[in-house]
Amino acid sequence: MSVADKSKADCSGCNACAEACPKHCIEMISDKKGFLYPKLDTAVCIDCGVCEKVCPFEEENRKLHAPLAAYAAWNKDREQYLASSSGGAAHVFSSHIIKQEGVVYACTSEGMRIRHIRVDSLQELSKLQGSKYVQSDVRRLFGQVKADLQAGKPVLFIGTPCQVAGLKNYIKRIPEHLYLVDLICHGVPSQQMLHEHIHHILNGRSAEQLSFRKGQLFRIELAARCGTVYSSEPHKDMYYRAFLKGISYRESCYCCPFARKERVSDVTIGDFWGLQDAASLPLDVSEGISVLLPTSEKGKSLIVAANADMQIYERSVEEAVEGNTQLYCPVHDGISARFLSMLYPCFPFDKAVRIAIVKDLILESLKNMLRPFKPVLMPIINVIRR
């Protein structure tokens, strides 16, 4: 069976098959929802099976390893720490690799286009900072990574677990100078959903910058040269709300084989949710702390190398896993997710989300209406409860 015969639930859009095909007969094409899937040119295909051998959704192509340790960490550089998501671990790792005359491949939202880019200078690292709650485009990237590795350059690749797995399968024999870091991923909406939403809320205005988060402040903002043109709390923004509710992801996210404690990279990073005894750490944890989960000696060496620029405290693996749901199971494909999948793109994205979560919106409206009467109603409710 070729990758073109796979169900949508068995394809993460990692692009490994398209890059590995020796006849270049696979192209990643957007479906109606904007998610990329492989399209095979059967007239050119020679049935070599390479596409299947690199697909990370084939069980025999996945090599996962349990974490060797767990750490709570954050960037010592206050300015970079505040500019990053979580504790700024990705920025520290990236700086270390570039200082070794290496290159970094990671996601940027520069120019409102979410894609992976190649960075080889410290000055460019700011392009990679911040969370991007949408699937990044990695097309035509793996070949660049391979060329840098063949040139002997240290390479750091940061991406979702499925992207890392796709790259590993494409490279095949992983050299010592390739460092792989995966993000604790909740799931990914499509860029079509995001851009349709942006077009809706801008209503003719223009924007050049997009951000979803600053430290622990979750807020979607669109900015132009004149300043901020849109800013919203997550629960008031339909795109953000759908993302946090887990109803706008691609089908494979709901059965993700990488949403487990065993990991695909050298180091897994993300927010250290569920941190116990946080008061014992010399930091206001409300500003964000990274969790680091090394799964290889190479990963541990990367953390050791970053020690001079990070505050690092060892914690238990159990504590790290317990606080992050995606370290033991995928997001559940609930009724609202299935409903939105039927509604979009028959309806515009924002309207489809509103219909899919109409029950939540009605309940919230009722709560807001009754809030002024709370002082009167609570004594009555307490009497009834007795």
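None of the figures in this text is laboratory data; all of them are computed from the coordinates on show. These figures come from a predicted structure and were not determined experimentally. Here the Cβ is made from the backbone with ideal geometry for all residues, glycine too, and neighbour counts use every protein chain on show.
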Ignoring everything except DSSP H segments at least 4 long, calculate the 222 nm mean residue ellipticity for the chain; use -39,500 (n - 2.57) per segment, divide by total residues, nearest 500. -9000 deg cm²/dmol
Compactness of region 3-60 - radius of gyration and Dmax, Cα, Å: 10.7, 30
How much of the pair distance distribution for region 82-180 lies past 16 Å, counting alpha-carbon pairs only, in percent? 53 percent
Rounding to the nearest 20 debye, state how big the charge dipole of the chain is about its Cα centre with +1 on each Lys and Arg Cβ and -1 on each Asp and Glu Cβ. 1020 debye
Length gained, R139-C48, 0.36 nm per residue minus C-alpha separation, equals 30.6 nm
Ranking of T108, T228 by count of other Cβ atoms within 10 Å, fewest first: T228, T108
Cα-projected label distance for I362 with I380, points at 7 Å along beta-carbon direction, nm: 2.2 nm
Which length gain, in nm to one decimal place, applies between D5 and S231 when the Cα-Cα distance is subtracted from 0.36 nm times their residue separation? 77.1 nm
For region 159-261 the GluC sites (Glu not before Pro) that pass both the DSSP coil test and the at-most-15 other-Cβ-within-10 Å test are E176, E208
Which whole-Hz couplings ³J(HN,Hα) result when phi for each residue of region 160-167 is put into the Karplus expression 6.51 cos²θ - 1.76 cosθ + 1.60, θ = phi - 60°, listed in order with x for Gly and Pro? 5, x, 5, 5, 4, 5, x, 5
Roughly what percent of Cα-Cα pairs across region 19-123 reach past 19 Å? 68 percent
Residues meeting the amide H criterion for V188 (H placed from the backbone, H to H distance under 5 Å, 5 or more places apart or on another chain) are R250
Computed over region 182-332, Cα set: Rg, Dmax in Å: 17.9, 52
Past 20 Å, Cα to Cα: identify those pairs from K32/K127; K53/K146; K99/K261; K76/K132; K23/K172, in the order given. K32/K127; K99/K261; K76/K132
Arrange the following residues from fewest to most other Cβ atoms within 10 Å of their Cβ: Y344, Y37. Y37, Y344
Fewest to most neighbouring Cβ within 10 Å: what's the order for I384, I184, I312, I362? I384, I362, I312, I184
Can you give me the C-alpha center-to-center distance between region 79-126 and region 41-58, rounded to a whole angstrom? 33 Å
Whole number please: convex hull volume per residue of the Cα set in the chain, in Å³? 177 Å³
